[in-house]
Amino acid sequence: MKIAVIGTGYVGLVSGTCFAEMGNHVTCIDINTAKIESLNQGVLTLYEPGLDTIFNRNRDQGRLTFTDVLANGIKDASVIFLALPTPQGADGGADLTAVLSVAEELGSLIQSYTLIVNKSTVPVGTAQKVSSVLSNNLDSSLFDVVANPEFLREGAAIQDFLKPERIVIGTSSETAKAIMKELYEPFVRQGNPILVMDEISAELTKYAANAYLATKITFMNEIANISELVGANVDSVRKALGTDSRIGKRFLFPGVGFGGSCFPKDVQALKHTSEGVNYDFKILNAVIEVNDKQRLKVYDKLKSHFNGNLSGKRIALWGLSFKPNTDDIREAPSLYTIDALLADDATLIVYDPESINNIRAIYKDKIEYADNPYTALKDVDALGILTEWSVFRTPEYSKMKSLMASTVIVDGRNVLDPQHMLNLGFTYYSIGRP
């Protein structure tokens, strides 16, 4: 097929590249000219493990191209994916300005039957809104709008797209259903399901999935907090819970809360939807409240250790992205931790394998930046760990002790072993463990 993908963020760039990998001809479109120029020169604009290999292969073989001109990008495309930003609005709902603006433009450009697919995470009712906007300038026989939510994990997005656990297609059109099933058939050859439903159910499915996973994380953070108070070890509790097939072991790791581009925005959007129909979503409200507090756990423990006075303390932070294997810092706990520590007049030295430049763009010279984990530790009073990158799991402890002025570690992701740290002479705090 000839496919157009509008938007070259995580979802758009990964989707376009993976569709090309299956032999389709894909044009990715973005209004950011500098980004398009970089992609045309073979320079990726985001970090995602494994993306570079298939990006370069499909670009070299002519199946993956990029443009900043909408009319050129959609020419002859039978399917157009909307992978546009839907940022959180002031009221907590998703801002559909970009989606509806592009829909307005498409209405005056499309000349033959075309499938318009919402790939962005959008609120319930968005497919209908896009259809209404398209209808302003376009006969309804020339398009169908499909809800096709993505379920990609940053850091594992390529695997998730090429071998999805399920494909969700929201449409009431038999024509659209046939096209979408043909497009996705190569991705589910091992038998994973293609689930076809109405548009509203498909839109709600995405929010339901992320809200549930966010709830699992938050529940374990609450158990970790209780564990600290009663003297239990949350690792033991977590492992026992994980053996229950009704629960499963994924998303049971306590820490400093969830962040990223999906969970925070999606739980707020689902809350906004529930408020719009006068439903008090008590569980979701509690998830949001607990997560807001959990993001400051490393800060709270540092402040407690230093008896409430962080002024002049030199603090190192390892890990700035919201999770490992990505450079994404959107709603990352590190942002909240940095802000709180700066407000208390602490001096910060930070390190992350991939997201340093993204942090530098925000904080500039307000904090110091290290080029490896150990240069961050020179003469520091304490270390906080905020992301569970693999490189932090087996550090050179003797080197750490020789560099740190005070060997205090607050491990916000439980990557180190408490007993081992005690044996080595570190003052060590973690989440929910003695």
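The values are calculated or read from the model by the stated rules, or taken from the named source; none is laboratory data. This one's a predicted model, so the numbers in the text were calculated from it and none came from an experiment. Cβ sites come from the backbone with ideal geometry, for glycine too, and all protein chains shown count toward neighbours.
Selection of first residues in the stretch 143-170 that are more than 19 Å from F55 (Cβ to Cβ) and of second residues that are of a type in the set (D, E) and surrounded by fewer than 23 Cβ atoms within 10 Å (Cβ to Cβ), restricted to Cβ pairs under 8 Å at least 6 apart or on distinct chains, gives the following pairs, ordered by first then second residue: F151/D160; F151/E165; G170/D198. Considering the stretch 25-126, the qualifying helices (runs of 4 or more DSSP H), each wholly inside and each with 3 or more residues that are over 18 Å from A4 (Cα atoms), run over 51-60.
This table checks each residue for (1) of a type outside the set (D, E); (2) more than 23 Å from K239 (Cα to Cα); (3) in the same structural domain as T337 (by TED's automatic domain parsing).
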| residue | (1), (2), (3) |
| --- | --- |
| N372 | yes, yes, yes |
| V380 | yes, yes, yes |
| V391 | yes, yes, yes |
| P395 | yes, yes, yes |
| S398 | yes, yes, yes |
| S402 | yes, yes, yes |
| I409 | yes, yes, yes |
| D417 | no, no, yes |
| L422 | yes, no, yes |
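In the set (1) part of a helix (DSSP H, G or I); (2) closer than 27 Å to T394 by Cβ; (3) over 21 Å from the mean Cα position of the chain (by Cα), the condition left unmet by S334 is number (3). In the stretch 161-187, the qualifying residues are those that are within 26 Å of the chain's Cα centre (by Cα) and either outside the structural domain of V11 (by TED's automatic domain parsing) or basic (K, R) (or both), and the one that is nearest to V145 (Cα to Cα) is R166.
Out of curiosity, is I223 touching a helix residue (DSSP H, G or I) at 6+ places or on another chain (Cβ under 8 Å), over 26 Å from L13 (Cα atoms) and β-branched (V, I, T)? It is true that I223 is touching a helix residue (DSSP H, G or I) at 6+ places or on another chain (Cβ under 8 Å), over 26 Å from L13 (Cα atoms) and β-branched (V, I, T).
Any chance you could count how many residues in the stretch 353-371 are within 15 Å of L386 (Cα to Cα) and either of a type in the set (D, E) or part of a helix (DSSP H, G or I) (or both)?
3
Beta carbons closer than 7 Å, at least 6 apart along the sequence or on distinct chains, pair a first residue in the stretch 339-350 that is assigned by TED's automatic domain parsing to the domain that holds D365 and within 14 Å of K303 (Cβ to Cβ) with a second that is part of a loop (DSSP other than H, G, I, E, B) and among the polar types (S, T, N, Q) for D344/S311; D345/S311. A Cβ distance below 6 Å, combined with a sequence gap of six or more or placement on separate chains, defines the contacts here; from the stretch 226-247, residues that are without any contact (Cβ under 8 Å) to a residue 24 or more places away in the chain reach residues that are surrounded by fewer than 16 Cβ atoms within 10 Å (Cβ to Cβ) and among the charged types (D, E, K, R) in the pairs G242/K249. Condition test on T387, is it of a type outside the set (D, E, K, R), over 15 Å from L320 (Cβ atoms) and modelled with pLDDT of 95 or more? No. For the condition assigned to a loop (DSSP other than H, G, I, E, B) and either in the same structural domain as Q88 (by TED's automatic domain parsing) or without any contact (Cβ under 8 Å) to a residue 60 or more places away in the chain (or both), N309 qualifies.
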